[in-house]
Amino acid sequence: GVNEGRFLIDQEAPGRRTGPRVEIVDLKKERGVIDIALQGPASREVLEHLLEPADRRTLAALDRTEFCELTADGHQLLVARTGYTGENLGYEIYVGGPSSVWLWEQLIEGGRPLGLLPCGLAARDSLRTEAGLPLYGQELVGPHNVDPFEAGFASYVKLHKPFFIGRAHCVSAYQSTTRTVVRFETEAGARRVQHDATVQDRNGTIIGRVTSCVSLGERQVGLALIDRPTLGPGDAITLLNPATGRAAESGLSRLSTGDRLPPLVRGVVLPRLRAREESRQFGTE
């Protein structure tokens, strides 16, 4: 409809039209393509075992967010140097349904000596939380309607471009941002921090809520949406899980002897994204 001019794309310039036509193809629906994510420091070495020398060179030259078409034993692969685990090296491999089982088995077999293991979305969620990457529905949009500027991903919204659909709204959101997503770490041995736990500053003022939290050894690492500019790396915070039972039903003003409140969890704000030094500390790089 936009290509045909049936919809208004800029209220301030009703006569504006789009440029060259764009065709979007749903590869999963049209060709039965699936995505297998191969992540981690050894991912290139694992994938190279399946490729001819020319394709190995192509893979080695691939930069972040770039993709290429490769062939492995006659199977066509679309390989992107992307991922959502926080690793410096990783690939997402798009392969047709009939070839997917073959590729999976080859990766598992060839990667076993290098420590490759199959894992699901829960593992991916732990890794992306540790790295500080937002998840759509939690640190992006979701119940709190978080925008990319609040999520710490402002660089992905190209405001320097003279026009794109929604640019005016994005500029307004950028200029009026009052919240930000921060990454935090709890003290060792703390009670598990739940989703939607409140975040308090050192004065006891509630400044936000936890959106994600995962266990990492003796500690927990999580993300929280807070008021800005409130905290920076190294600042102390206190986390309070949502109340349950009578405390949740009656409120603090009507609590009596014997009622129980969730214990406070102490933590500290970390740099927004995980650094390499931190990866070595936790043994995840």
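Taking a ≥ b ≥ c as the square roots of the eigenvalues of the alpha carbon gyration tensor, the stretch 37-114 is rounded, as a/c is under 1.5.
Sequence-distant contacts, meaning Cα pairs under 8 Å at least 6 residues apart, place the relative contact order of the chain at 14 percent. For the peptides 228-239, 57-68, 128-139, residues were scored by their other Cβ atoms within 10 Å and the scores averaged per peptide; the highest-first order is 128-139, 228-239, 57-68. Checking (i) 21.0; (ii) 16.6; (iii) 19.9 against the coordinates, the calculated mean projected area of the Cα convex hull in nm² falls under label (i). Mean projection of the Cα convex hull over all viewing directions, computed for the stretch 36-75: 3.0 nm². Scanning the chain for long hydrophobic helices, with DSSP H runs required to stretch 20 angstrom or more by C-alpha along their axis and to average at least -1.0 on the Kyte-Doolittle scale, returns 97-111. Sorting the segments 179-188, 19-28, 156-165 by their mean number of nearby beta carbons within 10 angstrom, highest to lowest, gives 179-188, 156-165, 19-28. Along the charge dipole of the stretch 128-282, pointing to its positive end and built from +1/-1 on Cβ of Lys, Arg, Asp and Glu, which listed residue (VAL181, PHE149, ILE237) has its Cα farthest out? Toward the positive end, the furthest listed residue is PHE149. Note on the stretch 128-282: antiparallel DSSP beta bridges, both residues inside, total approximately 95 percent of the bridges counted. Rounded to the nearest 20 debye, the dipole magnitude of the chain is 820 debye, with +1 charges on Lys and Arg beta carbons, -1 on Asp and Glu beta carbons, and the Cα centre as origin.
Got the relative contact order for the stretch 128-282 handy, in percent, Cα pairs under 8 Å and 6 or more residues apart? Normalised by residue count, the contact order of the stretch 128-282 is 25 percent.
Under the convention that each Lys and Arg Cβ holds +1 and each Asp and Glu Cβ holds -1, the size of the dipole of the stretch 32-191 around its Cα centre is about 600 debye.
A short reminder: the numbers here are calculations on the coordinates, not readings from a lab. The model shown is predicted, which means the values in this text are computed figures rather than measured ones. Here the Cβ is made from the backbone with ideal geometry for all residues, glycine too, and neighbour counts use every protein chain on show.
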